[in-house]
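**Q** Below is the structure I would like to discuss, written out as structure tokens.
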Amino acid sequence: MSPARQISREVFPFLRVHTDGTVERYAGTDSVPAGFDPETGVLSKDIVISSSTNLSARIYRPKSVPEGRKIPVVVYYHGGAFIVASPAEPMYHHGLNRLVREAEVVAVSVDYRLAPENPLPAAYEDSWAALEWLAGGGGKVDEPWLREYADFERVFLAGDSAGANIIHHLALRRCRSSLAVKIHGLVMIHPYFWGKDPIGLEKADGARSNEGCDDPYINPFVGGAPPSAEELGCQRVAIFVAERDILCDRGKAYYRSLARSEGQNGKVRVELVETKGEDHIFHLFNPDCEAAAGLFDSWASFINHE
């Protein structure tokens with residue numbers, strides 16, 4: 001390796017950053033094209049949301065929807081620690097195909113910019129821009145699949161890991177804004193929250209328990225009282241955790257906080273779904289296991305519950 005291109009930082013197992021500014025990723029770089037998926041009968045295509053920031057998304061719909069029927073919309077934000085992955089990564093693409101089939105929804109999987117090339121809060125700003133795009137024209141966004149099939153009274157935000165962190169902040173921001181899109185529910189799968197002081201399973205992981213911080217982006221409990229369920233501005237929230245996931249205890253603490261405030265106003269229903277014996281985003285890494293089937297079934301039921 002030439003002296004001009006030394007490693008300045010390595011974030012295992014995701015990437016390394018070189019002193020000349022180049023980034024070498026180890027994970028999240030595989031991709032599959034959009035199109036028809038014969039296994040699920042789901043169609044997908046890639047669309048541009050903003051050419052100025054290269055913000056794009058992959059949109060999905062069932063191949064067949066009865067004429068005149070409107071179905072829920074799921075706006076999805078992928079995980080990857082803000083630094084890897086995309087909607088085209090095979091496990092995310094196949095996961096969205098499966099969700100669309102099982103829940104019968106239109107899904108918009110947002111391809112936000114990644115750090116370190118685009119430091120935070122770029123991912124949050126792109127994610128917000130996707131919501132602004134969805135709200136364009138009072139729900140009459142210029143996208144045929146949404147215009148023809150989307151029920152804008154049943155919009156859900158969903159995400160895993162860093163994506164679940166993103167939708168927490170999006171929900172708070174939307175509730176405090178005048179953005180003309182109604183969020184019916186949130187689905188937070190293995191949310192990426194952290195903090196300076198380790199809790200639960202974090203204490204047993206010496207390598208990571210000493211790397212916490214209380215930045216408000218990553219710790220929803222910093223700076224006073226945690227947000228209430230009502231502050232998220234939706235009717236229902238589902239929080240999925242996995243027993244062996246180092247993030248499990250943070251997810252449970254977040255659920256308890258929302259559940260306490262849920263009891264105060266009765267306007268928001270908050271659910272916790274824990275999968276025993278499984279680790280972080282197991283449903284994407286091992287989609288054929290029984291536990292993954294249970295997670296997708298619970299996710300679809302949550303969306304379609306009246």
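The values are calculated or read from the model by the stated rules, or taken from the named source; none is laboratory data. Because the structure is a prediction, the values reported are computed rather than measured. Every residue, glycine as well, gets a Cβ built from its backbone with ideal geometry; the counts of neighbours run over all protein chains shown. With ligands, DNA and RNA removed, areas are computed over all heavy atoms of the protein, side chains included. Shrake-Rupley method; radii C 1.70, N 1.55, O 1.52, S 1.80 Å.
**Q** Accessible area per residue, 1.4 Å probe, Å², for the range 1-53: what's the number?
**A** 66 Å²
**Q** Name the most mobile residue of 97, 286, 165, meaning the one with the largest mean-square fluctuation, in a Gaussian network model of the chain with Cα contacts below 10 Å.
**A** 286
**Q** What value, in deg cm²/dmol to 500, does the helix sum -39500 (n - 2.57) over DSSP H runs of n ≥ 4 give at 222 nm once divided by the residues of the chain? Mind dumping the intermediate values first?
**A** Numbers: 8 runs with 93 residues, N = 306.
Value at 222 nm, helices only: -9500 deg cm²/dmol.
**Q** With an 8 Å cut-off on Cα pairs and a minimum separation of 6 or more residues, tell me the relative contact order of the chain in percent.
**A** The value is 14 percent.
**Q** For the range 106-199, what is the convex hull volume of the alpha-carbon atoms per residue, in Å³? Walk me through the numbers on the way to the answer.
**A** On the way: hull volume 10.7 nm³, N = 94.
Hull volume over Cα atoms, normalised by residue count, gives 114 Å³.
**Q** Something else now. Across the Cα atoms of the range 154-286, what radius of gyration and what greatest pairwise Cα-Cα distance (Dmax) are found, in Å?
**A** Just the Cα atoms of the range 154-286 yield Rg and Dmax of 14.5, 45 Å.
**Q** Among DSSP bridges having both ends in the chain, what percentage is antiparallel? Round to the nearest 5.
**A** On the way: 22 of 51 bridges.
Here the share of antiparallel DSSP bridges comes out near 45 percent.
**Q** Oh, and also: Which number comes out as Rg/Rh for the range 59-131 once both Rg and the Kirkwood Rh are worked out on C-alpha atoms? Present the calculation step by step, with values, prior to reporting the outcome.
**A** Values: Rg = 13.9 Å, Rh = 13.3 Å.
My calculation of the ratio gives 1.05.
**Q** Sticking with this structure for a sec: Mind checking which of 178, 92, 36 is farthest towards the positive end of the chain's charge dipole, using Cβ charges of +1 (Lys, Arg) and -1 (Asp, Glu) about the Cα centre?
**A** In the chain, that residue is 178.
**Q** Mind checking the log10 I(q)/I(0) for the range 1-41 at q = 0.20, 0.22, 0.26 Å⁻¹? Debye, one equal scatterer per Cα, no solvent, two decimals.
**A** The computed values of log10 I(q)/I(0) come out as -0.66, -0.73, -0.88.
**Q** Sticking with this one: Among all the aspartates and glutamates, which ones have a C-alpha under 14 Å from residue 63's C-alpha, if same-chain residues fewer than 8 places away are not counted?
**A** Of all the aspartates and glutamates, those that pass the test against residue 63 - Cα under 14 Å, at least 8 places apart if same chain - are 37, 39, 102, 104, 148.
**Q** Would you kindly state how much longer the chain becomes between residue 304 and residue 172 on full extension, computed as 0.36 nm times their sequence separation minus their alpha carbon distance, in nm to one decimal?
**A** Details: separation 132, 0.36 × 132 = 47.52 nm, distance 2.34 nm.
Difference between extended and current length: 45.2 nm.
**Q** Additional query: For the chain, set up a Gaussian network in which alpha carbons nearer than 10 Å are linked by springs, and say which option among 293, 129, 164 fluctuates the most.
**A** 293
**Q** Above 16 angstrom, tally the Cα pairs of the range 240-298 and express them as a % of all pairs, no decimals. Write out the running numbers ahead of the final one.
**A** Details: 813 of 1711 pairs.
Beyond 16 Å sits 48 percent of the P(r) for the range 240-298.
**Q** Probe radius 1.4 Å, ligands and nucleic acids ignored: give me the carbon and sulfur share of the accessible area of the range 46-158 as a rounded percent.
**A** Answer for the range 46-158 is 49 percent, counting heavy atoms of protein chains only.
**Q** Can you give me the relative contact order of the range 27-107 as a percent, contacts being Cα pairs under 8 Å and 6 or more apart?
**A** Details: 121 pairs, mean separation 30.7, N = 81.
RCO, the range 27-107: 38 percent.
**Q** Let's see if you can work this out: charge +1 on each Lys and Arg Cβ, -1 on each Asp and Glu Cβ, no other charges. What is the dipole magnitude of the range 1-83 about its Cα centre, in debye to the nearest 20? Show your work: numbers first, answer last.
**A** Values: 10 positive and 8 negative charges, 50 e Å.
About 240 debye.
**Q** With charges set only on the Cβ (+1 for Lys and Arg, -1 for Asp and Glu), what does the dipole of the range 35-166 come to about its Cα centre, in debye to the nearest 20? Please report the intermediate quantities before stating the final value.
**A** Numbers: 12 positive and 18 negative charges, 56 e Å.
It comes to approximately 260 debye.
**Q** What is the pair-distance distribution P(r) of the range 17-60, computed from all Cα-Cα distances in 5 Å bins starting at 0, with each bin given as a whole percent?
**A** Once binned at 5 Å, the Cα pair distances of the range 17-60 give 5, 15, 14, 16, 19, 15, 8, 5, 3, 0.
**Q** With +1 on the Cβ of every Lys and Arg and -1 on the Cβ of every Asp and Glu, and nothing else charged, how large is the dipole of the chain about its Cα centre, in debye rounded to the nearest 20?
**A** Values: 32 positive and 42 negative charges, 130 e Å.
I would put it at about 620 debye.
**Q** Using only the Cα atoms, work out Rg/Rh for the chain, with Rh taken as the Kirkwood radius, to two decimals.
**A** Details: Rg = 19.0 Å, Rh = 19.9 Å.
Computed over Cα atoms, the ratio is 0.96.
**Q** Here is a further query. Taking the mean number of other Cβ atoms within 10 Å as a proxy for protection, how do you rank 155-162, 5-12 from highest to lowest?
**A** Values: 155-162: 25.6, 5-12: 11.5.
Descending packing order for the listed peptides: 155-162, 5-12.
**Q** So which residue, out of 132, 243, 39, gets the largest mean-square fluctuation from a GNM of the chain using Cα contacts under 10 Å as springs?
**A** 39
**Q** Ranking request for peptides 77-87, 115-125: highest mean number of other beta-carbon atoms within 10 Å first, then the rest in descending order. Kindly include the intermediate steps, with their values, before the conclusion.
**A** Working: 77-87: 23.5, 115-125: 16.0.
Listed from highest to lowest mean packing, they are 77-87, 115-125.
**Q** If the viscosity is 0.692 mPa s and the temperature 37 °C, what Stokes-Einstein diffusion coefficient in µm²/s follows for the range 19-110 when Rh is the Kirkwood radius over Cα pairs? It would help to have the intermediate numbers written out before the result.
**A** Values: Rh = 14.2 Å.
Answer, rounded: 231 µm²/s.
**Q** Once the whole set of protein chains is in place, how much accessible area is left on residue 255, using a 1.4 Å probe, in Å² to the nearest 10?
**A** Surface accessible to solvent at residue 255 totals approximately 60 Å².
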